[in-house]
1. Pairs needed: first member in the stretch 152-166, farther than 9 Å from V125 by Cβ; second member anywhere, assigned to a loop (DSSP other than H, G, I, E, B) and of a type outside the set (D, E, K, R); C-beta distance under 7 Å; at least 6 residues apart or different chains.
2. Right, R93: open to solvent by 80 Å² or more (accessible area, probe 1.4 Å), outside any loop (DSSP other than H, G, I, E, B) and without any contact (Cβ under 8 Å) to a residue 12 or more places away in the chain or not?
3. Go through the stretch 37-46 residue by residue and tally those that are in contact with a strand residue (DSSP E or B) (Cβ under 6 Å, 6 or more places away or on another chain) and either open to solvent by 20 Å² or more (accessible area, probe 1.4 Å) or closer than 10 Å to L5 by Cβ (or both).
4. Taking the stretch 49-71, which residues are crowded, with 18+ Cβ neighbours inside 10 Å and in a loop (DSSP other than H, G, I, E, B)?
5. Taking the criterion of being surrounded by 13 or more Cβ atoms within 10 Å (Cβ to Cβ), touching a helix residue (DSSP H, G or I) at 6+ places or on another chain (Cβ under 7 Å) and in a loop (DSSP other than H, G, I, E, B), would at least one residue in the stretch 124-133 satisfy it?
6. Among all residue pairs at least 6 apart or on different chains, which show Cβ distances below 6 Å where the first residue, located in the stretch 15-40, is without any contact (Cβ under 8 Å) to a residue 24 or more places away in the chain and the second is in a helix (DSSP H, G or I) and of a type outside the set (D, E, K, R)?
7. Identify the single condition in (1) open to solvent by 20 Å² or more (accessible area, probe 1.4 Å); (2) out of contact with any Lys or Arg (no Cβ under 6 Å at 6 or more places or on another chain); (3) within 24 Å of D130 (Cβ to Cβ) that G21 does not satisfy, given that it satisfies every other one.
8. Of these, V30, V74, which one is open to solvent by 60 Å² or more (accessible area, probe 1.4 Å), in a helix (DSSP H, G or I) and of a type in the set (A, V, I, L, M, F, W, C)?
Amino acid sequence: MKAALVIVDVQEVLIPVVWRGTELADRIAVLATKARDRGVPVVALQQVGGEMFDPAKPGTRLAGRLRLQPSDTVIQKTATDGFYRSDLEAFLRSQNVDTIVLTGVATDYCVDATARSAVSHGFDVVLVEDGHAPVRHGDEEAGLSAEQIIARHNRLLRTAVHPGGTIQLRPATQVFD
């Protein structure tokens, strides 16, 4: 197994609006340090486009709490699916990666879409079960709390049949140890 840590959209503008955003960014920073220590590439996806993610606005920057390093790779994306018209697949293939360790924001949008797309592209996924989060208020329209959204997506992604690859769940404390 050759892995890469893929961090989805942990951007300054999103930290205050996602469930336990500061705690999440700090947990992901620890994972990134462990990954680097083991020679695992760290890839940070950055959503750009539209008013909220205007690259000229400072909030679009990746969160400083991640403590990204110059050796890390930043890939911009314009869709919920991190593979859609981005350089993600080409980068992963160039590194001979077959497994992505997936973390980030938001559980029910970009993390879910990127996980499903990864397996469709033939990658295995290790979803960090406590390494992703939706908006802090959950989905009020559906009557789901943030915790319920996380649990639901962990269950759905773990049990769904996906072509090309597999999805496993692991807590952050068991990744890269």
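The values are calculated or read from the model by the stated rules, or taken from the named source; none is laboratory data. Nothing here was measured: the structure is a model prediction, and the numbers come from that model. Quick reminder, even Gly has a Cβ in these numbers, built from the backbone with ideal geometry, and neighbours come from all protein chains shown. For the accessible areas, the whole protein counts, side chains as well, though only heavy atoms, and no ligand, DNA or RNA atoms are used. Shrake-Rupley method; radii C 1.70, N 1.55, O 1.52, S 1.80 Å.
1. G164/H121; G164/G122
2. The answer is yes for R93.
3. Going through the stretch 37-46 one residue at a time, the tally reaches 6.
4. A63, L68
5. Of all residues in the stretch 124-133, those surrounded by 13 or more Cβ atoms within 10 Å (Cβ to Cβ) come to 124-133.
This time we only want the ones that are touching a helix residue (DSSP H, G or I) at 6+ places or on another chain (Cβ under 7 Å), so: 125, 127-133.
Cutting the leftovers down to in a loop (DSSP other than H, G, I, E, B) gives us none.
Among the residues of the stretch 124-133, not one is surrounded by 13 or more Cβ atoms within 10 Å (Cβ to Cβ), touching a helix residue (DSSP H, G or I) at 6+ places or on another chain (Cβ under 7 Å) and in a loop (DSSP other than H, G, I, E, B), which makes the answer no.
6. Taking only residues 6 or more apart or on different chains, not a single pair turns up.
7. Every listed condition holds for G21 apart from (1).
8. Just a single option satisfies the conditions, and that option is V30.
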